[in-house]
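Here the structure is laid out as structure tokens; the discussion comes afterwards.
Nothing in this text is a laboratory measurement; each read-out follows from the coordinates by a stated rule. Predicted model, so just to flag it, every value in this text is computed and none were measured. Every residue, glycine as well, gets a Cβ built from its backbone with ideal geometry; the counts of neighbours run over all protein chains shown.
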Amino acid sequence: MEEEEPTEISVDNRAAIAISHNPVFYGKTKHFNIKLYFLREVQKNGDVKLIYCKSVDQLSDLFTKPLPVSRFEFLRTRLGVCSP
Amino acid sequence: MLNLGFVKSLSEATLYIRLKDDDILIMSLYVDDLLITGSNELQIEEFKQEMMRVFEMTDLGLMTYFLRMEVKQRKNEVFICQKKYAKEILKRFQMEECKATSTPMNQKEKLCKDDDADKIDEGYFRSIIGCLMYFTTTRPDILFVVSLLSRFMHGASELHLRAAKRILRYVRGTVSFGVKYEKCQIFKLHGFLDNDWAGSIEDTKSTSGYCFTLGSGVFSWCSKKQKIVA
């Protein structure tokens, strides 16, 4: 079971994607944990690819903030959680 | 296992894989239980016979119940849930007859460690969170709020207990829910990643969450407070 193309990871933050590509060291990005540089490495190798997705399609919103009912139910269905 | 030609998985200690003549055989071990799947039914049958000769064991057929997880396998879809466990939780905390809510969390409420509300019995609070933690194996929708509340295990107050009860009320309304995996056209690994920006009131640390899907249904998810201040 091999994957040929890089795994796409959706992120709704363009700045984060830009930083992940750009190896330049800025004052504002100096507080990263060293292990996060691993991300740049895997991205360079082509294992992983960060792509931008709109906040509306961001499934992992469900794991980071409390949401209103309609949004919560929409994302829940997208995750595949439903009644039998 | 290694003698039979299996290779131990690097990322999952109890998962063994065997590749033989273009066929794959996957086996998962849990203490004295064995789960097996593969691309060739004949090979699976052979393997079972082989195992039965060496060990004393019974074949329980298609997987339906494993570690409190109910598995329903139908044509082109697999559904996993913990309906029975959900009912057990509700019974244990006497929440069987409560009014159900549609979300597990109040959107406007911000929980923090030192509120002025009365302190409560920590043991009771911990046991609720512990039960719900195990319940998140098939329920990614309550994971965020459970992990949020678990930060207040020490010194839990009335407000935290109320939030925990709200999860139970949500569970009450969605007892039979689970994750459904369907056959789909585009079979591709896709991940989603998000952070909240300094969501924790006390130390301004952020929470990150991710999930991975192969077209339909998520199979890996996480919600975790970051270790360093960003």
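Here are some notes:
- Cβ-Cβ FRET estimate between B:Glu182 and B:Met153, R0 fixed at 45 Å, reported to 0.05: 0.75
- Inter-label distance, nm, simple model (7 Å from Cα along the C-beta direction), B:Glu97/B:Asp32: 4.1 nm
- When the pairs B:Lys183/B:Lys205; A:Lys44/B:Lys20; A:Lys49/B:Lys20; B:Lys20/B:Lys188 are compared against a 30 Å limit on Cα-Cα distance, B:Lys183/B:Lys205; A:Lys44/B:Lys20; A:Lys49/B:Lys20 fall above it.
- In loop segments of segment B:1-86 as defined by DSSP, the chymotrypsin sites (Phe, Trp or Tyr not before Pro) with at most 15 further C-beta atoms inside 10 Å of their C-beta are B:Phe55.
- Sites matching trypsin sites (Lys or Arg not before Pro) across segment B:13-77 that sit in DSSP coil, with at most 10 neighbouring C-beta atoms within 10 Å: B:Lys75
- ³J(HN,Hα) computed for each position of segment B:105-111 - Karplus, 6.51 cos²θ - 1.76 cosθ + 1.60, integer Hz, glycine/proline x: 8, 6, 5, 8, 6, 10, 8
- Between B:Leu4 and B:Asp23, the modelled label-to-label distance comes to 1.4 nm, taking each label 7 Å out from Cα in the direction of the beta carbon.
- Charge dipole (segment B:186-225, unit charges on Cβ, about Cα centre) - positive-most of B:Cys222, B:Phe212, B:Leu189: B:Leu189
- Sites counted here are GluC sites (Glu not before Pro) in a DSSP loop (not H, G, I, E or B) having no more than 13 other Cβ atoms within 10 Å; the longest part of chain B that contains none of them is B:110-201.
- In order along segment B:32-38, the Karplus-derived 3J(HN,Hα) couplings, from 6.51 cos²θ - 1.76 cosθ + 1.60 at θ = phi - 60°, round to 10, 10, 10, 10, 9, 8, x Hz, and Gly and Pro are given as x.
- Taking each residue as 0.36 nm, the span from B:Tyr134 to B:Gln73 lengthens on full extension beyond its C-alpha to C-alpha distance by 19.8 nm.
- Take every pair of alpha-carbon atoms less than 8 Å apart whose residues are at least six positions apart; their mean separation over the length of segment B:13-121 yields a relative contact order of 10 percent.
- Residues B:Phe177, A:Phe38, ranked from the fewest to the most other C-beta atoms within 10 Å, line up as A:Phe38, B:Phe177.
- Under the Karplus curve 6.51 cos²θ - 1.76 cosθ + 1.60, θ = phi - 60°, whole-Hz ³J(HN,Hα) for segment A:42-48, x wherever Gly or Pro sits: 5, 5, 5, 6, x, 7, 9
- FRET efficiency estimate (nearest 0.05) - Cβ-Cβ, A:Val69 to B:Asp114, R0 30 angstrom: 0.50
- Calculated FRET value between B:Glu122 and B:Thr204, using beta carbons and R₀ = 30 Å, to 0.05: 0.70
- Cβ neighbours within 10 Å from other chains - mean over A:6-13: 5
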